[in-house]
Every structure is written in structure tokens, then in C-alpha cells.
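Here is the structure we will look at.
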Amino acid sequence: MRSKSIFGFDLLLFIATLTLVSIGIAFIFSSGITSTGIIYSREYIKQIIWAITGIALLILFASIDYALMRRWSLRIYLGFAALLFATLFAGNVVNGAKSWLGVWELGIQPSEFCKLATILYLAHILDKYSSQIKDLRYFILFFGIALIPVGLILMQPDLGTAAVYIPVALSMLFIAGARTRHILFIILTGFLLVFLTMLPPYEIYLAKRTIPAMSLLTDKTLAAYLIAAVGFICALALTGYFLIKKTYFYWLAFFSMILTLALAGSFVFRGALKEYQIMRLIVFLDPNVDPRGAGWNIIQSVTAVGSGGLWGKGFLKGTQSHYRYIPQQSTDFIFSILSEEWGFAGVTLVFALFLIIIIRGIFIIRTTKDGFAAIASTGIIMMIFFHFAVNVGMAISLMPVTGIPLFFLSYGGSSLWSVLISIGLLMSFYLRRFKI
Amino acid sequence: MHSGDTALSKSRIYFMAALIVAVFSVYLIHLFNLQVVNEEFYQKRATQVTQRSIPIYAQRGEIFDRNYDTPIVSNIDSFAIDIIPGEVPDGERDSLYRRLAEYLGGSADDIKRRIPLSYADLYQPVEIKSGITLETITYLAEHLEDFPGVTWRNKPIRNYVEKETLAHVLGYVGDITREELQVLYNKGYSYGSVLGKSGIEKQYDLLLRGQDGKEFRTVDVRGRKVGEALVSEEPPVLGNNIVLTIDRHIQSLCEKALGQRIGTVLVTKPATGEILALVSYPSFDPNLFYDTSNTEAFRQLSLNTQFPFLNRAIQSQYVPASAYKIIMTTAIVEEEVIPLNKTILCPGYFNYGDRVFRCHKHSGHGHLALFGALAESCDVYYYTMGAEYLGIERIVDFSRRFGLGEPTGIDIPGESAGILPSPGWKSKIYNDRWQGGDTVNMSIGQGFLAVTPIQMANAVSMIVNEGTVYKPHLLKEVRDPVTGDVIEEIEPEVLSTSTIRPSTFQAVQRAMRQVITEGTARVVLTTNATTVAGKTGTGEIGIDNHWHSWFVAYAPFDSANPDDRIVLVVLVEAVNEWEWWAPKAANIILHGIFSRMNYDEVRANLHTWYLRAESQGER
């Protein structure tokens, strides 16, 4: 694909961005109006202000040399980590998570900007130490850079926002050339961890019968024995590997360590997760477990999306949204309104626009001569992609409810600004792709 | 930095791109399935009748005093009026609001403001006023055609039986605000929840509130009820009843003994930390708050310059004045800085550097030893001890051991910590060096020192218990609302223990006894119902001829059973007419408690000059 650039300016990327932001404003407007046309929410005006200032930021970041950002990346990263830390003490609570830092009416969500800061710093480090990346010790160190903000955000607690960091960091490590087995180790541990965490609630809410083997996970003593046994096998395999360097010892250690970590972690998780968080995952598997409670959002959202049909009910004419069946319409569930009012046609348009942005990003990764720019672009497009996949997935019940925004479209200054700055950076990478 | 082509693997980039495209495709296929293939199914579902849940509010638990006979906070039947916005014809809204305002009080604008604009076409009821009487409901029911879209339901209101009594302890309840909901999200609260806003109601909200139930009705897409049939119901769970440590008979006695004087009275049980009475005057009537549209009462109370919302027993900080001498006495005995029988000459003044500090008795007390000095509250003796024998470090150390400068952890919100000054504190706050004169002042409890009455109660408890202080608390038991069974009983919790020798505390106890038998309080502490040990205090706050009047005490002095003992703290603020009321109130209270009399019986029984004088100027 050739870029339709004027003086090296990535016009296609810019137009796709502008279109998405405009669609977002239109549906934020739609979410704040009743079926008889009474406007009860001024959120769309605020969004317009954030969009205009955000576009200015986009142009600013596109025009400055990103080498500056790279030089400052450690300080930016530490600065936002410090802000996250401050939020834990001085933050304001919104929807049960202490995630806002602000004075008077103005406030920011440091966790939104910290994603970008982490991407920049991780890209800098990965490029600088690219020759050591296959070394396990370095791999752990790099992954640790992403885990610091994750820990701080988990304490807010905001599970969804924290979870975005992991796939973004992994894909950057992957593109930077980390060993596949190291990445697989984390992915497998993560999936097994969630699986083991959910098994006992699954038994209670979905299977509705006692599964004898489950006491291995729920009974404290039995679980401790199990973890000790698997841990022992892991230790044996490690010793064996270091003594005689046989491959089968390596893989035995690899898998038994995954199992140990996931078992121990699931035990901690079940203690730390709140009832409502477990229920969100349960209703993802089957919304009808609690159709009037935690499953309500999913059922209503899917109904809204499905009833939109091919062409939609028309702008401002959605019934599910205007009769307030859908919660958090302007933020988490904006995709439901869009699908209801513009139908499959509108959905396809939005998908196409997102795809244009992502494909332009991949094009930048391929053409730039600078490792930093390539890895940072990977982080940015994967961040946009994961937000898209999780948010849209949630609206059509392919993903559990997590409450993370849909970039460009969802109402909210912090997320809009951070994504527009990200696009600005992509453009800066593109403009300076032949430099160095 | 790198130069040349990036060493990134092409295949990995393509793998990532393929993954992204795959997810997009799966989503798009799924959406095509939902929106195009199954469109009809979902369209039917969208227009179909659905179920909507309506909360059934749980009845809040009742609150009892320690006698557990009749509730001091109960619920009474009352009604709330709702409007179903969708049922009000468009042109009639304003006139409906006007008519409603006429019968309910308030203004049409208030009602209009309660209905969110986004609800204008919905059939979801919006509460516009609660605490409505049956008469008003009857009237509305008879004139239903004049009030389209108006419905009502049962919503009990909180009844604080004794009104102003215990208002500071009990607190009050109100509708949840947006800000509170943001914080309590996911904890079982929702719009329309009632929750405790202060005092016990706030502290133990989770125990009291129970669990709201839900009833499910069939509604159409706009929320209109279809048929009357109830689909199903999740019954609410009643809130627990709670029993306080307060004894309402002692409470009432204390309130009347304090009378209409700005101040506070605390009665505690040192053996457990239980609070038997807590009076703070002026008070307020928590019943005024159930009606959220009645903001006028709230406004007037919050503008009142006497601060009726202030719980003076735990939130106000006062100079302890001579009452502080019990702590100084403990330090003097424990540190053995002077033999107990060695006398100091009080000429009525004390020279320190180039400053002269006066004793309250300007003619001087003559030669006094420690016990005599406490009994007569001789300032010069304590000036000398503080400035020349103990030194500021030890004074601060002992004050800290007595818990000054730290909140006591009482189980209602809003407690103050008081101020425990020290050289470090002064340089931090005032950026100024600690002067010898500051030590002299602090030796008699004046200067920067500030304490809450509950801290003084703890200090006396420490002397009574010879080192152990139990955390002051108001919750005694949690009881099942139906069977009355005790679900949880609060065990005494040790707040602090001291390494000070028991013999020291015993000496201080004897010295405090002497204050009553031979000292300053002799003339007013006339009760023969018990043996009292205590200390008076007269706090200088810069108003001529007006002082804060303190009295801290415990009784009985000579009881062998620690369970019998009570600690009493009375503080009457200097803004009142000066009548040295604290020890006088204490005399009435102690006589009443130990001879089991109410206030009127005490007045008839206890023939003292000040009670007779008071009855002439009847309040």
C-alpha cells in the first residue's frame, strides 16, 4: 500500500482518525438525548473541546522530532508512575476505582497516559539492548517495566486498564525479537491462571453440581499440598537440567513452573477478586446466570446491537439506548448505540477505519529505519487494537465486561488525548522514517 | 542508536498483522450473524416485554440503649411520592408540579429538579418527596384524576425517639448522594439507598442497613408495566438491631445536670471502655433530616454560631488547665523528682527568667507538698516541678503515655487528635524555638496544649486501671432483628498499657481523693452516695472573668470491684455565664448514678446552695 502523503504527511491516517473522532462525538450526543429530543447531557460539548485540543496535540507531536521523546522517555515513564502512585493517595474515586487525579473540575486519569509512557520507555530500552533480548534475565527485566504500572493500577483497583498492559508489552517484546518460548510461558501462565481461578466459581454457578476433584483447588490444605508437589517436580527438573542439560528436563521444568505459578496465583486471585468481578466473568460464560444483575448489561447490549439490523434504526432513533436500557452509553457501551442506530453498515465503516489506522501503523513498522520507532509503533497499534478488541468484544458478548474505553469513540478526555497523541507520534515516526 | 535497516523479523510482523486481521474478521462475522442473519430475533426481543426490577428497601435495624427494653431509634410507617414521568401528558407537567407543590410544600421548581431530563419519557418512577403522612396520601388517592402519573409507596422513616438526646452519638440518615455512590459502588448501594451520614448510623451502616430485595415486573420497552402480575420477588433482608453501651437513664441525668450550658459530659466505664453517657450541648433533632426537601432546617443548624453539629466530647479541643495536673502528678511521683512530703513555698508568683507567672491564689498558698498542691491546685508548685525538676522532655513523654495528641479510636467518625506541643512541634508549626516559659505554661495545662474530653476520660481511666486503657466504644451488641438473639458481642479492646508502676497510680488516686475531701472541690462535691476522686480545672482562654470549667473524676474511690467504677468528665465552655458549673454538675450526676435517682429526685434530695439558687432562676 502506498501512502497518499502530501509532503510526507500521512493523510490517510489523519482522515481515518478525524472520522472516528467525529463519529464518536455524534454518538456521545445521541447517548445524551431522549427519544423526544430533550438534551440532558452536555458530554458531547466537552468531547468536542477535548477533540479540538487533542488534534492540536496530535499535530504538535507529529511535528516535533520523536528523538526528543525518546531522550525523555525514562523521565516521562517515571513521572507517570509517580502520578499513578499519587493517585492511590490523593485520587478521586469514580465507579469504585480510585483512578482520577484532579483539581477543581479538571482531572486526568494518569493510567490512560501511563500506557503511552510505558510504551515509549519500553521501546527505548528494547532497542537499546536489542542484542540481549534473548537472554532470560533481560526478558524478565523488560517485562518488569510493564508490570510496575500494572501493579499500581491493580491497587486502584482497575482490573481492565491494568490488563491492557500485558498483551501490549508482550507484542512489543515479540516484535523486538524475544524468544517465542519466553512469551509463550507468560501467555500460558496467564490463561491457566484465569482458568484455574474460574473453575471453583464455575462449579458453583454453572455446573451446579459438586465436582470432587475441585476440592484440590478450594481446600486450603489440599491446594497447598498440590502446589508443593508441582513445585517439587519443577525444582527436580531444574536441577536435572542444570546437571545434565537434557532438553526433556528443560520442557518439564518449563511446564511444571507454569503449573506452579498458575496454581499459586489462582489461589491468591480468588482471595483478592471481589464478588462482582468474579460474577462479570461468570456472566460472560453465561449471561443467564444472573439476567437481572451482572448479566443485564450484556443481554441489553447484544439486544441493541442485534436489533440494529443491516442499516440500523437511524441516528438518534435507537430504542434500547434512548429508553436507557444500556448502561454507560457514552463510555463503555458506545459501540452498542452505534450498532443499533447505524446497523451493520455503520459497524463495517468503523471497522474499516480502525483497520486503516492499524495497517498504516504496520506499514510504518515495516518502513522505518529506526528500531525504536518500529517497536513504539507496535506498542501503539497493539494498544489501540486491544482496546478495540476488548471493548467491542464486550458489547457483542465475545469478551467479559471490563469497562475499558473504545479509543476515538468513547467519551473521556484522558483516553481521547492519549490516543490522539499516539497517532501524532505515529505520524512523527512516519515523517522521519528515513532519518538516521 | 541503531543505524541501517531494523533487524526486526518480517515474519513476526506479518504474524501480528494476521492475528489482528483474524480478530477483525471473527468480530465482523459475529456481527453479521447478530445484525443481519438474526436481526428479527433481536428486533423482537427489543420491542418485547421485558422484566424490570424494582427495589424493595430493607428495613433498617433499630438502635437500643444498654437496657435493651425500648428502642431509641425505630422506624415509623410513612410514604414516599413518586412521579412516573412518562405518564404525565406533555402540556400538563408544569401545572402538575405546581399542584403537587401546593399539597406537599416546597416549590414546583424543586419537584421539577428532582426529575432527571433523561427520564422525561420513561415509565420508571422517580421519588419526589418522602416522609408523607397518610392524610396527604388519602387526599391524593381521592383526587387521583388531578394528579396524572403520581404514585406512592411505603417508605419508613427513621424515628429518633428522644429527639435531641444522643443526636451526636446516633447521627442521622439521608439519601445517598452521587459522590457517596461513586465511592460505595459495588458495595450493595444504589440510587435511592438510604445511608447513615454521621455517628453510629454512619459507622455501623453495613450492620444496620440489611439487604434490599427486588421485585420483578413485566414491562414494555419504555418501562410501562404490563399487567399487574408480579413475576418474582427476592425478599429483602432486615437490618440488624444494635445495642449501645449508653445507659439512657444516666444520659438523661447528665443532660439535665448540664442544662442549657454549652459544654459536654462523658461517663465511661474504665473496666471495659464502654461509654455510658455522652452529652454535647447544644444538640439538634435528627428527625429534621428525613425529609430531604426540608433543607431549611439543615441550613439554619449549620449556620448556628454555637455549632450544634459539633460533638464536643470528641471533636472539640480545649486547654485542659488544672485537670492536666493529674498527669503532671503521675510524672512527678513516677520519676521521683521530689520526695512526696517535701514542701515548696508558694508566695503567689513564680519568677522565670524575666517573666513572672502568677498562681491563681494571688496571696500565695505558703508551704505545700505534692498532695496539698494538687488539692489546692497550686500553680507555683507545678511551675517549679515542670520548669526545674521534670523538664519539657519528660512532660511530653508522660503526656504521650496518657494518650494526648492521639485520637482514642472511639467508634464514631470525626474524632480530633488534640495538640500535644513539644519543642519539635513548635519549631515545625511556628518556626520558633521552645521557650522556658512554654514549659512553665504547659506545667499547669495552659499554653499550646489542647485535649478532647474523651482523651481526658481515657487519662483518668489509665489512673483508675493502674496503667491499662480500654478503647472507648459505643457498640455493645449486635442482635438479630427477629429473634433478638445476640449475633455479636463487643469485647473490651486494650488501647494501651503503661509501664508506669502501679504504686505511682495508687498515689495519684489518693491525691485525687484528697482534692475532694480537703481541696478545691470540697465545697461543691457534697454527695454522700459514693466516694469521689477527681480534679477541677479552670481554663484561661482570654475572656475576662470567664473560664472553661473542667471536672474529671472517678467513683467510687474505695470500691474493690473495678466493674463498679465509672469515670466522669464534665466540661462547661467559657462562653457560658461563669458559675463554676463543671464540679457542680458532676455532684448532681454522681449522686444520681450512685443513689439511682433521676434528676428531679436528686434536686429534691441533695440540698445544696447552688441547686436552690438555680431553682429560683428556673430555666
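Membrane-span-like helices in chain B: DSSP H runs reaching 27 Å or more (Cα, own axis), mean Kyte hydropathy at least 1.6? Present the calculation step by step, with values, prior to reporting the outcome.
Working: long enough: B:10-32 (33 Å, 1.63).
Qualifying helices: B:10-32.
Grab the DSSP H runs of chain A that are 4 residues or longer, score each as -39,500 (n - 2.57), total them, divide by all residues and round the 222 nm result to the nearest 500 deg cm²/dmol. Numbers along the way, then the final one.
Working: 17 runs with 305 residues, N = 436.
Roughly -23500 deg cm²/dmol at 222 nm, from the helical runs in chain A.
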*For B:11-17, what's the mean count of beta carbons from other chains sitting within 10 Å of each residue's beta carbon?*
5
*For labels at B:ARG153 and A:THR221 in the simple 7 Å Cα→Cβ model, what's the distance in nm?*
4.9 nm
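Could you work out how much longer the chain between B:GLN211 and B:SER107 gets when fully extended? Use 0.36 nm per residue separation minus the Cα distance between them, nm to one decimal.
On the way: separation 104, 0.36 × 104 = 37.44 nm, distance 3.37 nm.
In short, 34.1 nm is gained.
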*asked:* Just to be sure I understand the model, the point goes 7 Å from the Cα along the line to the Cβ. What's the resulting B:THR483 to B:GLN317 distance in nm?
replied: 4.8 nm
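For a distance above 55 Å, tell me the whole-number percent of Cα pairs in the protein assembly as shown that qualify. Let's see the in-between values first.
Details: 202064 of 555985 pairs.
So the pairs more than 55 Å apart make up 36 percent of the total in the protein assembly as shown.
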*Overall dimensions of segment A:281-436 as given by Cα atoms, namely Rg and Dmax in Å*: 17.7, 59
_Going through the cross-link list A:LYS46/A:LYS98; B:LYS426/B:LYS535; A:LYS98/A:LYS208, which pairs have a Cα-Cα distance over 24 Å in this structure?_
B:LYS426/B:LYS535; A:LYS98/A:LYS208
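Across the residues of B:20-32, average count of Cβ atoms on other protein chains within 10 Å?
Shielding by partners across B:20-32 averages 6.
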*asked:* Treating segment B:78-155 as a set of equal point scatterers at the Cα positions, no solvent, please give the Debye-formula log₁₀ I(q)/I(0) at q = 0.14, 0.15, 0.23, 0.27 Å⁻¹.
replied: -0.38, -0.44, -1.12, -1.57
*Please report the Cα spread of segment A:54-97 along all three principal axes, rounded to whole Å, starting with the longest.*
38, 25, 11
_Please compute the Kirkwood hydrodynamic radius over chain B, one decimal place, Å, based on all pairs of different Cα atoms._
28.7 Å
*For segment A:176-282, run through the trypsin sites (Lys or Arg not before Pro) and keep only the ones in DSSP coil with at most 16 other Cβ atoms within 10 Å of their Cβ.*
A:ARG179, A:LYS208, A:ARG209, A:LYS245, A:LYS246, A:LYS274
*Going by how many other Cβ atoms sit within 10 Å of their own, how do A:ARG360, A:ARG432 line up, fewest first?*
A:ARG432, A:ARG360
*asked:* Ranking request for peptides B:107-117, B:568-578: highest mean number of other beta-carbon atoms within 10 Å first, then the rest in descending order.
replied: B:568-578, B:107-117
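With respect to the cross-link table entries B:LYS44/B:LYS112; A:LYS134/B:LYS10; B:LYS269/B:LYS325; A:LYS274/B:LYS476; B:LYS163/B:LYS197; A:LYS274/B:LYS129, which display a Cα-Cα separation exceeding 25 Å?
Numbers: B:LYS44/B:LYS112 35 Å; A:LYS134/B:LYS10 17 Å; B:LYS269/B:LYS325 22 Å; A:LYS274/B:LYS476 30 Å; B:LYS163/B:LYS197 17 Å; A:LYS274/B:LYS129 35 Å.
Correct reply: B:LYS44/B:LYS112; A:LYS274/B:LYS476; A:LYS274/B:LYS129.
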*asked:* So the label point goes 7 Å from the Cα of B:TYR430 along Cα→C-beta, right? Which residues of segment B:367-403 then have their backbone N under 17 Å from it?
replied: B:387, B:392-393, B:396
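As a test of the formula, what do you get for chain B when each DSSP H run with n ≥ 4 contributes -39,500 (n - 2.57) and the sum is divided by the residue count, at 222 nm and rounded to the nearest 500 deg cm²/dmol? All intermediate terms of the calculation are to be shown ahead of the outcome.
Numbers: 22 runs with 207 residues, N = 619.
Taken over chain B, the calculation gives -9500 deg cm²/dmol.
In peptide B:69-76, what is the residue-averaged number of other protein chain Cβ atoms found within 10 Å of each Cβ?
Numbers: counts 0, 0, 0, 0, 0, 0, 0, 0.
That average works out to 0.
Which loop-located chymotrypsin sites (Phe, Trp or Tyr not before Pro) does segment B:341-434 contain, where loop means any DSSP state but H, G, I, E or B and the Cβ has at most 16 other Cβ atoms within 10 Å? Could you put the intermediate results ahead of the total?
Working: sites: B:TYR349, B:PHE350, B:TYR352, B:PHE357, B:PHE371, B:TYR381, B:TYR382, B:TYR383, B:TYR389, B:PHE398, B:PHE402, B:TRP425, B:TYR430, B:TRP434; in loops: B:PHE402, B:TYR430, B:TRP434.
Answer in residue order: B:TYR430.
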*Inter-label distance for A:ILE211 and B:ASP354, nm, one decimal - labels placed 7 Å from Cα along Cα-to-Cβ*: 8.8 nm
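Only the coordinates and a few stated rules stand behind these numbers; no lab work does. The structure displayed is predicted, hence computed values, not measured ones. Cβ sites come from the backbone with ideal geometry, for glycine too, and all protein chains shown count toward neighbours.
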